[in-house]
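Undergrad: Before we start, here is the structure in question, set down as structure tokens.
The values are calculated or read from the model by the stated rules, or taken from the named source; none is laboratory data. Worth saying up front: this structure is predicted, and the values here are computed from it rather than measured. Because the Cβ atoms are built from the backbone with ideal geometry, glycine has one as well, and the counts that use them run over all protein chains shown. Note: areas computed on protein heavy atoms with side chains; ligands, DNA, RNA excluded. Shrake-Rupley method; radii C 1.70, N 1.55, O 1.52, S 1.80 Å.
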There are 2 protein chains.
Amino acid sequence: MVKAADRAKNPARSSVWLENRAARGGGGPAGLDRDRIVAAAIRMLDEEGLAGLSMRKLAAELKVTAMSLYWYVDTKDDIIEFAMDSVYGEFDLAAIDAADGWRDMIRVLALEYRRMLVRHPWMSPSAGQYLNIGPHAIAVGGKIQEAIGGTGLPIDRQPSATSAVFQFVYGYGTIESQFGRRAAEAGMSQDDFYVESVKAFRDNPGFAEAIEPMAEILDVRASQGSVSAIWDRDFAYALDVLVAGIEAMVSRETGT
Amino acid sequence: MVKAADRAKNPARSSVWLENRAARGGGGPAGLDRDRIVAAAIRMLDEEGLAGLSMRKLAAELKVTAMSLYWYVDTKDDIIEFAMDSVYGEFDLAAIDAADGWRDMIRVLALEYRRMLVRHPWMSPSAGQYLNIGPHAIAVGGKIQEAIGGTGLPIDRQPSATSAVFQFVYGYGTIESQFGRRAAEAGMSQDDFYVESVKAFRDNPGFAEAIEPMAEILDVRASQGSVSAIWDRDFAYALDVLVAGIEAMVSRETGT
DNA sequence: CTGGGTCTCGTACACCGTACAAGGGTCTCT
DNA sequence: AGAGACCCTTGTACGGTGTACGAGACCCAG
């Protein structure tokens, strides 16, 4: 078993998934096992955020001491990696297979990905920090590759197109989920929080000039409905941009 | 002066920039001031990463006690927000103004943004977590808006196009910078680290199947040169996709 | 009855952010 | 000259964190 201290010395192997250690136990008096720990961690992460997860609190929820958890995982990071992969398992792969053509497939994948990030706001900071190479994450990656493979782009260009689409989704989902998290922490609806934020921004002396060119856009947005409708609308249009871009590149590569 | 405890109770005002408190001091015996603190913090963040920054260590570097820093800032988060904005100040705004047309402007902005994220790997996790509304960040935002405004897209679609481009850059820069950080922590070059990672990935039993469909792409990439060349190449092509997408949407909106 | 796994726990360490109160230094006003 | 007010720095302390280590409790095979 690799200790945390050793892990730090060998960061190339710095993911649980690169250790291929068997899950342990389940027969103990506390009825603990890795799945139960991970499920409780996800619940706690969803409710309290990344900073709200501590080994002691997690253990308390499972009616156990903090050190008991270390029988099943080596470090707290392991728990987060397991939790992440479990969340990747929420992807509806059947819906993706049911999609018709690469455009639809990309759209469904992007929507699922975005929903995942928004539902679990701790995912995007974590996804940036850890390798995402658990079985569920890899399954999703395979579908993404399949979708991009269907575009007709040459194979050496496909990773780049994948980046264009899914790094965008990651970035978008990050902003959207952090906005939601902030609103929730402030105890407001997203709409109220948006109004408050814009007001605070506008009222801030010294920023009047900087805001000037943005005022028009803020005004336009105010007439576009609820915040969540704007998130949806913007996302859909950005995907249209990306799909149109891929189409254009395909005909540029194959044509001429 | 707003205390950290109060800040937590009023998360809507959860940014230093929404408080508009004057910078303090400079005449003390330790010769401290906010700029010196922030500069030292950036140095430490670049070298030790986000987790490596602690108030005690930062203070030690400035030959002062931890609590001294609290005369100039309210919380550690403030320091990070100041550091972030200072880094946004690294954008070469002149180069952006010198760009010729919106396509070039977008490309230059995207490259500058990406370089910033890669140079300071702590930026992308931080940028996801805090509001980015310091003066330098806003200046950059204004340039982005100017570039997108030049595309000819209707104003209510511009924010969406902005997302498509710059959320992509954010996502891409996040992955790239985290990869670099991991390589550095492992004490390897990016190229060696890449080879090691792929090997570990391939050798991992139980993943043979999952890897199967990715093998071809991995092989193609192996023939494309150094890791950093691939980063550059992929990024440039993804930008081409985005620019082509915007062009297509423009003619779709104006034509027909 | 014994020995060895499997699991849980108590204690302890080093570190974190930061609240609070007690100064020292310098500058201003009487 | 003395007194007070300020700006700035410090020491101490609190409640948290992840986790190393060693002691035990249980159960099952020999």
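Undergrad: Just counting partner chain Cβ atoms within 10 Å, what average do the residues of peptide A:65-75 show around their Cβ?
TA: Details: counts 0, 0, 0, 0, 0, 0, 0, 0, 0, 0, 0.
Mean number of neighbouring Cβ atoms from other chains: 0.
Undergrad: Compute the acute angle (0 to 90°) between the alpha-carbon long axis of helix A:34-48 and the principal axis of greatest extent of the alpha-carbon atoms of chain A; round to the nearest 10°.
TA: Here the helix axis deviates by roughly 40 degrees.
Undergrad: I would also like to ask the following. Holding the Cα-Cα limit at 27 Å, pick out from A:LYS143/B:LYS199; A:LYS76/B:LYS76; B:LYS57/B:LYS143 the pairs that are longer than that.
TA: Check vs 27 Å cut-off fails for B:LYS57/B:LYS143.
Undergrad: Sticking with this one: Roughly speaking, to the nearest percent, how much of the protein assembly as shown's 1.4 Å accessible area is carbon and sulfur?
TA: 54 percent
Undergrad: Treating only the Cβ atoms of Lys and Arg (+1) and Asp and Glu (-1) as charged, compute the dipole magnitude of chain B about its Cα centre; round to the nearest 20 debye.
TA: Computed charge dipole of chain B: roughly 1020 debye.
Undergrad: For a quick size check, give me the Cα extents of segment B:87-197 along its three principal axes, largest first, whole Å.
TA: 47, 26, 26
Undergrad: Say a label goes 7 Å from Cα toward Cβ at A:GLY25 in every copy; what distances in nm does this one have to the rest, shortest first?
TA: 4.7
Undergrad: Same structure again: Over chain A, with the other protein chains present, what is the accessible area per residue in square angstrom, probe 1.4 angstrom?
TA: 45 Å²
Undergrad: Turning to a different aspect of this structure: What is the average number of partner chain Cβ atoms found within 10 Å of a Cβ in B:230-242? Mind dumping the intermediate values first?
TA: Details: counts 3, 1, 0, 4, 8, 4, 1, 9, 13, 3, 8, 17, 7.
Per residue, the average neighbour count from other chains is 6.
Undergrad: Quick one: grab the alpha carbon gyration tensor of chain A, order the square roots of its eigenvalues as a ≥ b ≥ c, and give me rounded if a/c is under 1.5, else prolate or oblate depending on whether a/b is larger than b/c.
TA: The shape class here is oblate.
Undergrad: Let me ask something else. Over all directions, how big on average is the projection of the convex hull of the alpha-carbon atoms in segment B:130-256, in square nanometres?
TA: Values: hull surface 46.1 nm².
One quarter of the hull surface, i.e. the mean projection, equals 11.5 nm².
Undergrad: Note the distances from A:THR65 to each other copy's matching label point, with points 7 Å along the Cα-to-beta-carbon direction, in nm, sorted shortest first.
TA: Shortest to longest, the spacings are 3.6 nm.
Undergrad: Highest mean first, what order results for B:64-71, B:33-40, B:168-175 on Cβ atoms within 10 Å?
TA: Peptide ranking by packing, descending: B:168-175, B:33-40, B:64-71.
Undergrad: Next question, about the same structure. Tell me, in nm to one decimal, what length is gained between A:VAL198 and A:ARG24 on full extension, where the rule is 0.36 nm per residue of separation less the Cα-Cα distance?
TA: Taking 0.36 nm per residue and subtracting the Cα distance, the gain is 57.6 nm.
Undergrad: Report, in degrees rounded to the nearest 10, the 0 to 90 angle that the Cα long axis of helix A:190-203 makes with the longest principal axis of chain A.
TA: 60 degrees
Undergrad: Mind jotting down a quarter of the surface of the convex hull over the alpha carbons of segment A:4-87, in square nanometres, one decimal?
TA: 5.5 nm²
Undergrad: Continuing with the same structure: For chain A, find the longest principal axis of its Cα atoms and tell me its angle to the long axis of helix A:135-149, 0 to 90°, nearest 10.
TA: So the helix axis and the longest Cα principal axis differ by about 30 degrees.
Undergrad: Further question on the same structure: Excluding ligands, DNA and RNA, what is the accessible area buried between chains A and B, summed over both sides, using a 1.4 Å probe, to the nearest 100 Å²?
TA: Working: alone 14400 and 14390 Å², together 22950 Å².
Counting both chains, the buried surface is close to 5800 Å².
Undergrad: Now, a different point. With r as the distance between the Cβ atoms of B:SER86 and A:GLU216 and R0 = 35 Å, compute the FRET efficiency 1/(1 + (r/R0)^6) and round to 0.05. Display every interim value, and only then the final one.
TA: Details: r = 29 Å, r/R0 = 0.83.
About 0.75, to the nearest 0.05.
Undergrad: If the viscosity is 0.890 mPa s and the temperature 25 °C, what translational diffusion coefficient in µm²/s does Stokes-Einstein give for segment A:133-196 when Rh comes from Kirkwood over Cα pairs?
TA: It comes out at roughly 174 µm²/s.
Undergrad: What is the ratio of the Cα radius of gyration of the protein assembly as shown to 2.2 N^0.38 Å, where N is its residue count, to two decimals?
TA: My calculation over the Cα atoms of the protein assembly as shown gives 0.99.
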